[in-house]
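Chemist: Dropping the structure in here first, questions after.
The values are calculated or read from the model by the stated rules, or taken from the named source; none is laboratory data. Quick caveat, the model's predicted, so the values are computed rather than measured. As a convention, Cβ positions derive from the backbone with ideal geometry for all residues, glycine included, and neighbour counts pool all protein chains shown. What goes into the accessible areas is simple: the full protein's heavy atoms, side chains included, and nothing from ligands, DNA or RNA. Shrake-Rupley method; radii C 1.70, N 1.55, O 1.52, S 1.80 Å.
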Amino acid sequence: MVVPARTQTPGFLRAAGHPLRWQLLTELAASDRRVHELTTMLDQPQNLVSYHLAQLRAAGLVTGRRSSADGRDTYYRLDLALCAAQLAATGSALHPALGLVRPPAPSTPAAGRVLFLCTGNSSRSQMAEALLRRRTAGSVAVFSAGSQPKPVHPHAIAVMAAHGIDLSAAQPKHLDVFAGTQFDHVITVCDRLRETCPQLPARRTAHWSIPDPARDPDGYPAFERVAAELAERVGFLIHALTEPQPPEGK
């Protein structure tokens, strides 16, 4: 029997409908993760978690990237933009009025204190800081730092200028500058730092596994790709920054 296209279950529901896969999507929506982290968080055996990750990858919702710190390990990332598109398509399949063209803007202004970290504080974390500061018009106190600071890369300055952001006066900072400072979000954008960095006080921590553009032989285009990814991730982060923060100690 051929099932009419209109009554077929949308692909997003088939991929996300399994309870464990939904749990995986929920965890990956907050941070890029490795398999052993997900097995611990979900209290499930590795072979089961790996199987369902493979199903999500086959659906295109999740991608994997080798760690730049330990090439034997892989960070998994949820494609939130694709999820938004497929959720809209799922709604449209049920009724035309339920299809959203794009995610709605946050209903309240973003707020809080955010720290981006990478090893050199020379490109990724600086660009993320600049992008979030611009997108929130100063309503978020945003900073960046590194474990081994070095001068801001000229390509990072140039690619931010193409986004209308002047990064020429940015100065690298050591993460020790922020020792003892409380943040709402601490986000690592470098695998090496994430796997060696001491925990800084934060209500929430997250990791964005982003390759170092300075190590990419493509040169400037690699910085453009990183800037585009950071801009997309920052856009989704802003929604998290509008959520009520839990009281201290919670």
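Chemist: Among the residues of the stretch 59-91, which ones are within 24 Å of GLU37 (Cα to Cα), outside any loop (DSSP other than H, G, I, E, B) and free of Cβ contacts under 8 Å to residues at least 24 places away in the same chain?
Modeler: THR63, GLY64, ARG66, LEU82
Chemist: What helices (runs of 4 or more DSSP H) completely inside the stretch 7-46 contain at least 1 residues that are among the polar types (S, T, N, Q)?
Modeler: Here the list reads 19-30, 35-42.
Chemist: Of the numbered conditions (1) open to solvent by 70 Å² or more (accessible area, probe 1.4 Å); (2) within 30 Å of ALA214 (Cβ to Cβ); (3) in contact (Cβ under 8 Å) with a residue 40 or more places away in the chain, GLN55 fails exactly one; give the number of that condition.
Modeler: It is condition (2) that GLN55 fails.
Chemist: Given the conditions (1) of a type in the set (Ser, Thr, Tyr); (2) over 23 Å from ARG65 (Cβ atoms); (3) touching a Ser or Thr at 6+ places or on another chain (Cβ under 8 Å), and given that SER168 satisfies all but one, which numbered condition is not satisfied?
Modeler: (3)
Chemist: Any residue at all in the stretch 107-122 that is surrounded by fewer than 15 Cβ atoms within 10 Å (Cβ to Cβ) and among the β-branched types (Val, Ile, Thr)?
Modeler: yes
Chemist: Pairs only if they're at least six apart or on different chains, beta carbon under 7 angstrom, first in the stretch 5-19 and under 8 Å from ALA59 (Cβ atoms), second part of a loop (DSSP other than H, G, I, E, B) and modelled with pLDDT of 85 or more; list them, first residue then second.
Modeler: Qualifying pairs under 7 Å: GLY11/ALA59; ALA15/ALA59; ALA15/LEU61.
Chemist: Here's another thing I want to ask about it. With respect to SER122, is the statement that it is in a loop (DSSP other than H, G, I, E, B) and of a type outside the set (Lys, Arg) true?
Modeler: yes
Chemist: Here is a follow-up. Select from the stretch 170-197 the residues that are hydroxyl-bearing (Ser, Thr, Tyr) and under 12 Å from LEU115 (Cα atoms) and list them in ascending order.
Modeler: Scanning the stretch 170-197 gives THR181, THR188.
Chemist: Report whether or not PRO244 is modelled with pLDDT under 95 and open to solvent by less than 60 Å² (accessible area, probe 1.4 Å).
Modeler: Answer is no for this residue.
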